[in-house]
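The values are calculated or read from the model by the stated rules, or taken from the named source; none is laboratory data. Computed from a predicted structure; not experimentally measured. Reconstructed Cβ throughout: ideal geometry from the backbone, glycine too, with neighbour counts over all protein chains shown.
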Amino acid sequence: MKHLRKAACLALSLVLLLCSCGGTKMGGDTLLQIGEERFTRQEAAVFLLSQHSIYACEYGEDIWKVQLSDGSFESYVRKAMLDYLERLFLVDCAAREEGISLSTAEKAAVEKAADAFFRDLNEETITKTGLTREICEQAYTRFARAQIFYRQVLGRGMDEISDEEARAVKILIVSVAKDLGIETAQALLAKIKAGTSAIEATKNKEGMTIRQETIVRGTYSDSFDTLVFALKKDQWSPVITLQNDYVLVQCLSVYEEEATAVNKAVMEKENRERQLEEAMTAYGSKITLVMNPAAWEDVSMSSLQGLSPANFYDYTAGLVVNY
């Protein structure tokens, strides 16, 4: 599954917003339509052939015969690919509405990628898929416009995540089972504060455990965060009631630099994904994406066996936005 996620990197965080199936008569080669803009079955073949190559090259053609709990692996990939194509088409149309166009350099990069991909196709592949050099360029153009759209969305004012918001701390947690009662936890805390080490105070005590953790806000409850992230080094918290136990927490380090940096990166990525989703929601509220089921019915990954092992994503290095 990781290969499909990798291939679909440009739209991982987006959800399909509006899609009606079968309500509009479309030509046999039209797969998706927004207004007058159409995404054809031939253009979809660029991505299907690439996904086939990714899996078949690593796992062999028998991968398509594998059965999962809810159907075949081929069915899983077909569904995931349709979701991906819908998202790509939707984002490209949003980019067009924003007035996004490719610069001279970007057009050159698209043409170079399309040339390289089309050269990878033998005559049998071209005949069977209906691919042309122009269709390949259209696919790379859509991909490039979508990337520009992402850069523009991500470039819009986003509040910076502070070190304090992302701060990770290292703590010692002493856990007391609920059935021992809060009085036992309070007595244990008093013993520790009087000078007995936590390890000694809990030694051979049933229902009591001790562990170290590096945590960020949100690891536990809000009330836990309020108390723990206010602790100074070596300071103990009061008894904190969690769902399954009582805990006593000692702060071992008020700032873990590496863990804080990792958490900040995660939080920033979540913010960017939220921005993208909000932008697409705003666009999706104004349009309807229509699918032609008939154009998808005869799509088969296994039918691509023996065709050129071409991969669209081998030539997108100059176009991809890493967010």
Pair list, Cβ under 8 Å, 6 or more apart: the range 187-214 residue farther than 17 Å from Leu252 by Cβ, other residue part of a helix (DSSP H, G or I) and among the small types (Gly, Ala, Ser): Leu188/Ala201; Lys191/Ala201
Hey, Asn263 in contact (Cβ under 8 Å) with a residue 24 or more places away in the chain, over 30 Å from Arg167 (Cα atoms), surrounded by 20 or more Cβ atoms within 10 Å (Cβ to Cβ) and not hydrophobic (A, V, I, L, M, F, W, C) or not: no
Cβ pairs under 6 Å, 6+ apart, first in the range 300-315 and in the same structural domain as Ala56 (by TED's automatic domain parsing), second aromatic (Phe, Trp, Tyr) and modelled with pLDDT under 95: Met301/Trp64; Ser302/Trp64
Members of the range 99-121 found to be outside any helix (DSSP H, G or I) and of a type outside the set (A, V, I, L, M), listed by number: Gly99, Ser101, Ser103, Asp120
Condition broken by Val174, with the remaining ones in (1) within 28 Å of Ala261 (Cβ to Cβ); (2) outside the structural domain of Thr40 (by TED's automatic domain parsing) satisfied: (1)
Residues being free of Cβ contacts under 8 Å to residues at least 60 places away in the same chain, within 22 Å of Ala295 (Cα to Cα) and not in a strand (DSSP E or B) - total across the range 48-75: 2
Members of the range 296-323 that are modelled with pLDDT under 90 and not hydroxyl-bearing (Ser, Thr, Tyr): Glu297, Asp298, Val299, Ala317, Gly318, Leu319, Val320, Val321, Asn322
Among the residues listed as Thr241, Thr281, the single one being assigned by TED's automatic domain parsing to the domain that holds Ser175 and touching a residue at least 40 places away in the same chain (Cβ under 8 Å): Thr241
Residue among Ala80, Ala45, Ala109 that is touching a Gly at 6+ places or on another chain (Cβ under 8 Å), closer than 29 Å to Ile287 by Cα and touching a residue at least 60 places away in the same chain (Cβ under 8 Å): Ala45
Among (1) part of a helix (DSSP H, G or I); (2) in contact with a Leu (Cβ under 7 Å, 6 or more places away or on another chain); (3) modelled with pLDDT of 90 or more - the single one Phe39 does not satisfy: (1)
Condition check for Glu297: of a type outside the set (A, V, I, L, M, F, W, C) and loosely packed, with under 13 Cβ neighbours inside 10 Å: yes
Only listed residue being assigned by TED's automatic domain parsing to the domain that holds Ala144, among the aromatic types (Phe, Trp, Tyr), over 22 Å from the mean Cα position of the chain (by Cα) and crowded, with 16+ Cβ neighbours inside 10 Å, chosen from Phe89, Phe47, Phe73, Phe39: Phe39
Options Gly195, Gly181; residue that is over 42 Å from the mean Cα position of the chain (by Cα) and within 22 Å of Asn244 (Cα to Cα): Gly181
Qualifying position, being under 30 Å from Ala105 (Cβ atoms), of a type in the set (Phe, Trp, Tyr) and out of contact with any Asp or Glu (no Cβ under 9 Å at 6 or more places or on another chain), among Tyr150, Tyr140: Tyr150
Selection count, the range 266-288, where residues are more than 11 Å from Ile161 (Cβ to Cβ), surrounded by 12 or more Cβ atoms within 10 Å (Cβ to Cβ) and aliphatic (A, V, I, L, M): 4
